[in-house]
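Each value in this text was obtained by applying a stated rule to the coordinates, not by laboratory testing. Note that the structure is a prediction, hence the values are computed from the model and not measured. Here the Cβ is made from the backbone with ideal geometry for all residues, glycine too, and neighbour counts use every protein chain on show.
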Ligand code: ATP
């Protein structure tokens, strides 16, 4: 991966405890930027960098190269911005890791469970980055923590519209993030918890239950604890969802990033034994526009079907007869309370499975393939993969789908997402 001839190279000499922040221009025609550590040691979001290796960052990347002892690095190519900052909260983040590690050691001695940590805050405060950092530090000292991803808008684990859990066994890859093997994924169906808060809370409880079951049989997982990444919606039902999550997972620590009011509210509303800690956000975290978030979501779906960087996948396109599948949407549209059948509450309608008759409007929708077998509760069953509807023929009663695996579909229960994906490849 030698830099392309003619690429400008800029050298930065970083003092100890400082970071080089740079952003790569977004857009398909944008030029990649490469990074190389020449002397000393540095890390990116908790993952150590090798010296004299060139790391490549694609369009839209926003990176911080941090050094504890000082180092010099080269950047090849033209980043949109690049500057060195002395003002970073990394020391506080490291201290947080040390405190969590202390709790893990104590848990080992007392035969108890390790810390369950929830990271909260509004959008664009670096929640996902703090999760990545804490997980990578934990795994670097030999722990096996679990990442719980509750951000249905920008999931770091699976496609948008899902919640998931992933056992972390290696620090995040500097260029590609955590290796996603065998995550546990549930279908939510949209990019905002507010579209069906009842379902969102239900799925949080499902993840908490599975995680607790795993902790009972796997000591390392239990001591490693979990780091929960949440959505940036911190008011009203969004706030209630955080409180629900804290109780479902029986969290021990809540890290509040850059939101004093949220910190005070959680301190007031959570049991006193939960440690609520206010942490500053890093000045390097970049605000992302709606458009930027939408693009990131699209990229995540494209990656699922076509692979990422060095790894190319070749998805399949095939026809599925209407009669061979059952398609559902979770949640019936809300109706005025006065019109509800006797004995039924609004909550029941939010978890109801509504059969979907395939029509033209199904085109481009992402569908989750449910793992549920006959008799299983479909809403509470994990999913085994995703497909996209590329065409609907109501005459011949067949759907055309894009699928990561060849026909036939492994299961026949499909759940429709609000999310659409247009395959431009
Ligand atoms: P969301 O609103 O989606 O929940 P978030 O709070 O989880 O966002 P992140 O995804 O962690 O925020 O960070 C937003 C962006 O800022 C990411 O692209 C990340 O790479 C970048 N970033 C985080 N910390 C730094 C830093 N110190 N310097 C430069 N860029 C950073």
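What angle, in degrees between 0 and 90 and rounded to the nearest 10, separates the Cα long axis of helix 197-217 from the longest principal axis of the Cα atoms of the chain?
Compared with the principal axis, the helix lies near 70 degrees.
On C-alpha positions alone, give me the angle between the axis of helix 260-269 and the longest principal axis of the chain, in degrees, nearest 10.
Compared with the principal axis, the helix lies near 60 degrees.
Rounded if a/c is under 1.5, else prolate if a/b is larger than b/c, else oblate: which is the stretch 259-320, with a ≥ b ≥ c the root eigenvalues of its Cα gyration tensor?
Details: a/c = 3.31, a/b = 2.35, b/c = 1.41.
Because a/c hits 1.5 or more and a/b exceeds b/c, the stretch 259-320 counts as prolate.
Rounded to the nearest 0.05, what FRET efficiency is calculated for residue 17 and residue 324 with R0 set to 60 Å and r the Cβ-Cβ distance? Walk me through the numbers before you get to the answer.
Values: r = 60 Å, r/R0 = 1.00.
It comes out at approximately 0.50.
Write down the percent of antiparallel bridges among all DSSP beta bridges whose residues are both part of the chain, to the nearest 5.
Numbers: 64 of 85 bridges.
If we restrict to bridges inside the chain, about 75 percent are antiparallel.
What percentages, rounded to whole numbers, describe P(r) for the stretch 205-351 computed over all alpha carbon pairs with 10 Å bin width beginning at zero?
8, 20, 27, 31, 12, 2
Where a ≥ b ≥ c are the square roots of the eigenvalues of the C-alpha gyration tensor, would you call the chain rounded, which needs a/c under 1.5, or, failing that, prolate if a/b is larger than b/c, or oblate?
The shape class here is oblate.
Using 0.36 nm per residue of separation minus the Cα-Cα distance, give me the extension gain between residue 344 and residue 111 in nm, one decimal. Could you put the intermediate results ahead of the total?
Working: separation 233, 0.36 × 233 = 83.88 nm, distance 4.48 nm.
Result for the pair: 79.4 nm of gain on full extension.
Relative contact order of the chain, please, whole-number percent, based on alpha carbon pairs below 8 angstrom and at least 6 residues apart.
Numbers: 903 pairs, mean separation 60.1, N = 425.
Averaging sequence separation for qualifying contacts and normalising by length gives 14 percent for the chain.
If I model a spin label at residue 192 and residue 275 as a point 7 Å from the Cα along the Cα→Cβ vector, what separation in nanometres do I get?
The two pseudo-label positions are separated by 3.6 nm.
Between 333, 89, 280, find the one with the highest GNM mean-square fluctuation for the chain; connect C-alpha pairs within less than 10 Å.
Taking springs between Cα atoms under 10 Å, the residue moving most is 333.
Please report the relative contact order for the stretch 50-156, taking Cα pairs under 8 Å with a sequence separation of at least 6, and give it as a percent rounded to a whole number. Please report the intermediate quantities before stating the final value.
Working: 31 pairs, mean separation 15.5, N = 107.
Dividing the mean separation by the residue count of the stretch 50-156 yields 14 percent.
Provide the gained length on full extension for the span residue 363 to residue 38, in nm with one decimal, where the gain is 0.36 nm per separating residue minus the Cα-Cα distance. Don't skip to the end; give the middle numbers.
Numbers: separation 325, 0.36 × 325 = 117.00 nm, distance 5.07 nm.
So the chain would gain 111.9 nm between residue 363 and residue 38.
Would you work out if the stretch 144-190 is rounded, prolate or oblate? Take a ≥ b ≥ c from the square roots of the eigenvalues of the alpha-carbon gyration tensor; rounded if a/c is under 1.5, else prolate when a/b is larger than b/c, oblate otherwise. Intermediate values should be presented prior to the final figure.
Numbers: a/c = 2.48, a/b = 1.65, b/c = 1.50.
Verdict is prolate for the stretch 144-190.
Using a Gaussian network model on the chain with a 10 Å cutoff between Cα atoms, which of 65, 152, 84 fluctuates the most?
84
How many angstrom separate the Cα center of the stretch 55-85 from the Cα center of the stretch 86-119?
27
Can you give the helix-only mean residue ellipticity at 222 nm for the chain, where every DSSP H stretch with n ≥ 4 adds -39500 (n - 2.57) and the sum goes over all residues, rounded to the nearest 500 deg cm²/dmol? Write out the running numbers ahead of the final one.
Values: 8 runs with 107 residues, N = 425.
Computed ellipticity for the chain at 222 nm equals -8000 deg cm²/dmol.
Relative to the longest principal Cα axis of the chain, at what angle does helix 127-140 sit, 0 to 90 degrees, rounded to 10?
On a 0 to 90 degree scale, this one is about 70.
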